[in-house]
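The values are calculated or read from the model by the stated rules, or taken from the named source; none is laboratory data. For clarity, every value in this text was computed on a predicted model and none was experimentally measured. Glycine also receives a Cβ, built like all others from the backbone with ideal geometry; neighbour counts cover every protein chain displayed.
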Amino acid sequence: MIEKYGDLVEFLFVYTSEMGMARATQSHELPEELREFAEPPGTPPWSRLRLEQRVRAGKELFGLRMSCLIDNEQREVEKLYGSGPNRLLILDPTGRIALDSGNIPMKAFPWKRITDWLDHFGESVSARTALQHG
């Protein structure tokens, strides 16, 4: 999608609340390449001690070609947009949700609906944003 639509819209990966590595590793194992950035044993849940390092390493590991942002400690993005794992949100230039995949597994994402929206609105959103920013 970035290759096809990256010049029309901006893609961002927003890392929202950290569930704590102790709890995270109970449900899934961190990839070997990210284990050195796990929180030390006994770190309180929601710790942000190594979060920036983990996000940078994850971006490189998974080859993400988009900007990666980290929600603030008050979790404003998570609260405002109800974001979470396996969720894709498309925001219009005013910050309102234009399309929401819902919290569903990536395999079940409504990709056709998303690409249809981008095909239909991508150029007009890009043109409007360009006009707003001069």
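For segment 72-103: of the residues being touching a Lys or Arg at 6+ places or on another chain (Cβ under 8 Å) and outside any loop (DSSP other than H, G, I, E, B), which is farthest from PHE121 (Cα to Cα)? Out of the qualifying residues, it is ASP100. Before we move on, is LEU69 surrounded by 13 or more Cβ atoms within 10 Å (Cβ to Cβ), modelled with pLDDT of 80 or more and assigned to a loop (DSSP other than H, G, I, E, B)? Answer is no for this residue. For first residues located in segment 35-56 and within 20 Å of CYS68 (Cα to Cα), partners that are of a type in the set (S, T, N, Q) and part of a helix (DSSP H, G or I) and lie 6+ apart or on another chain with Cβ distances below 7 Å form the pairs PHE37/GLN53. For segment 74-88, the count of residues that are modelled with pLDDT of 80 or more and surrounded by 15 or more Cβ atoms within 10 Å (Cβ to Cβ) is nonzero.
Within segment 11-41, the set of residues being surrounded by fewer than 15 Cβ atoms within 10 Å (Cβ to Cβ), at pLDDT below 80 and of a type in the set (Asp, Glu) comprises GLU29 only.
Among the residues of segment 109-133, those that are assigned to a helix (DSSP H, G or I) and either modelled with pLDDT under 80 or touching a Pro at 6+ places or on another chain (Cβ under 6 Å) (or both) comprise PHE121, GLY122, GLU123, SER124, VAL125, SER126, ALA127, ARG128, THR129, ALA130, LEU131, GLN132. Considering only residues in segment 42-56 that are of a type in the set (D, E, K, R) and in a helix (DSSP H, G or I), the one that is modelled with the highest pLDDT turns out to be ARG56.
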